[in-house]
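The values are calculated or read from the model by the stated rules, or taken from the named source; none is laboratory data. Predicted model only: the values in this text are computed from it and were never measured. For neighbour counting, all protein chains shown are included, and Cβ atoms are generated from backbone atoms with ideal geometry for every residue, glycine included.
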Amino acid sequence: MRLVLIGPPGVGKGTYAQAISHQYRIPHISTGDIFREEVKRGSELGRAVKVYLERGLLVPDDIVIEVVKARLSREDCREGFILDGFPRTVQQAEALEAFAPPDLAINFTADDNVIVERLSGRRVCPRCGAIFHVKYMPPRFPGLCDKCGAPLIVRHDDKPEVITERLRVYREQFTPIIEFYEKRRRLVTVVANEQAPQVIPKVIALIEEWRRSRNPS
Ligand code: AP5
């Protein structure tokens with residue numbers, strides 16, 4: 001099963017992707033996580049994308065497409081994948097059609113005030129990638145990851161001025177992407193204003209409905 005998750009920064013794509021990945025045992029691939037990791041390592045790729053991430057701007061298509069193509073060619077993607085944060089432009093969507101066309105695109109929406117609150121309270125684990133929220137998904141021990149015990153951090157791009165820019169960039173880009181998958185009848189939309197324990201079962205139910213529609217018994 002090949003899934004694509006679309007939605008504004010902070011709507012919860014990474015959170016839902018982790019749950020879907022656990023349920024269906026397919027890898028969660030976040031282009032944002034890949035880039036942040038490369039920046040941390042100081043690799044050539046990391047140095048090339050750093051400035052875009054810091055400003056909340058999109059990394060150029062040719063770079064992102066190469067990274068995703070290489071990642072999807074790995075063995076663990078044979079049974080499928082969950083792409084979180086890709087595609088973000090029509091060029092990226094077209095490229096994906098050529099090397100690994102997705103079965104379903106899930107479009108998450110939430111009110112602006114909900115999104116800003118989610119981003120400003122987000123804490124992430126720099127070691128294992130687990131995502132927390134100081135109010136909505138607090139770790140058991142404040143400031144420490146439940147899964148691996150590492151100290152949690154605030155993402156660099158969760159500063160108020162970068163959040164505003166990321167939301168602006170998203171609004172500029174998302175309509176053509178939604179239309180791209182709508183035209184191909186592969187789009188479903190989930191309103192994600194509720195808490196994650198309410199949103200996740202809705203997403204799983206949609207996926208199950210889609211699976212049944214493909215294999216009616
Ligand atoms: P990326 O890492 O993809 O960031 P994003 O799309 O802005 O999304 P986020 O990771 O910020 O949010 P999310 O929706 O995953 O929310 P989360 O689950 O963490 O991209 C970063 C940068 O990389 C881009 O700006 C760009 O520069 C570059 N880039 C990446 N992909 C690219 C591409 N394809 N093309 C070009 N450039 C690219 O949840 C947020 C918080 O809310 C958490 O604290 C969580 O605990 C909490 N939460 C989640 N759901 C709920 C809920 N239902 N109720 C309450 N709290 C919730």
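Considering only residues of the range 165-217 that are of a type in the set (K, R), within 16 Å of the ligand (Cβ to nearest atom) and surrounded by 13 or more Cβ atoms within 10 Å (Cβ to Cβ), which is farthest from V90 (Cα to Cα)?
Taking the range 165-217 and keeping what is of a type in the set (K, R), we get 166, 168, 171, 183-186, 202, 211-212, 214.
Cutting the leftovers down to within 16 Å of the ligand (Cβ to nearest atom) gives us 166, 168, 171, 202.
Filter again for surrounded by 13 or more Cβ atoms within 10 Å (Cβ to Cβ), leaving 166, 202.
Values: R166: 18, K202: 27 Å.
The selected residue is K202.
Which number in (1) over 27 Å from L53 (Cα atoms); (2) in contact with a Pro (Cβ under 9 Å, 6 or more places away or on another chain); (3) aliphatic (A, V, I, L, M) marks the one condition that I177 misses?
Going through the list (1) over 27 Å from L53 (Cα atoms); (2) in contact with a Pro (Cβ under 9 Å, 6 or more places away or on another chain); (3) aliphatic (A, V, I, L, M), I177 breaks only (1).
Would you list the helices (runs of 4 or more DSSP H) that sit entirely within the range 16-120 and hold 3 or more residues that are within 8 Å of the ligand (Cβ to nearest atom)?
Result: 31-41, 44-55, 61-72, 112-120.
So, in the range 128-149, exactly how many residues are surrounded by 14 or more Cβ atoms within 10 Å (Cβ to Cβ) and not acidic (D, E)? Please lay out each step first, then the result.
Within the range 128-149, the first condition is being surrounded by 14 or more Cβ atoms within 10 Å (Cβ to Cβ), and the residues that meet it are 129-134, 136-139, 144-146.
After this cut, where a residue has to be not acidic (D, E) as well, the list is 129-134, 136-139, 144-145.
The total comes to 12.
So G10 fits all but one of (1) touching a Leu at 6+ places or on another chain (Cβ under 9 Å); (2) in a helix (DSSP H, G or I); (3) in contact (Cβ under 8 Å) with a residue 12 or more places away in the chain; what number is the exception?
Failed condition: (2).
Would you mention how many residues in the range 149-188 are among the polar types (S, T, N, Q) and under 18 Å from V116 (Cα atoms)?
Total satisfying the criteria: 1.
Of everything in the range 100-117 that's modelled with pLDDT of 95 or more and farther than 18 Å from T189 by Cβ, which residue is surrounded by the fewest Cβ atoms within 10 Å (Cβ to Cβ)?
The extreme case among them is P101.
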